[in-house]
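The values are calculated or read from the model by the stated rules, or taken from the named source; none is laboratory data. Fair warning: this is a prediction, and the values are worked out from it, not measured in the lab. Here the Cβ is made from the backbone with ideal geometry for all residues, glycine too, and neighbour counts use every protein chain on show.
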Amino acid sequence: MDRVRYLSLPEVSPLELLIKQHARIVSALKAHDADGAEEAMRAHLREILMSLKPVAERVHLAN
C-alpha cells in the first residue's frame, strides 16, 4: 500500500482529504470509539482501493 500511496496522483487522493481521514481515525481512537475508528479506517482504505486503477493507468502510460 505504501507504493500505491507514493505513486498516487494528487487529484486521485488529495493530501487534504488524507489528512482529514487520518484525523477522523485518531479522534475515534482517542475517544475509545471502536466502531467510529473502524468506519474511519475502512473509509481510508477504500480511498486507497479507489486510487489503484488511476495510478496503474498512469504508470502504464509512462512505460
Qualifying residue in region 27-41 (condition: among the charged types (D, E, K, R), within 10 Å of the chain's Cα centre (by Cα) and not in a loop (DSSP other than H, G, I, E, B)): no
Only one of these conditions is not met by Ser8: (1) modelled with pLDDT of 75 or more; (2) small (Gly, Ala, Ser); (3) surrounded by 15 or more Cβ atoms within 10 Å (Cβ to Cβ). Which number is it? (1)
Check Ala62, Ala40 and return the single one that is modelled with pLDDT under 75, out of contact with any His (no Cβ under 8 Å at 6 or more places or on another chain) and small (Gly, Ala, Ser). Ala62
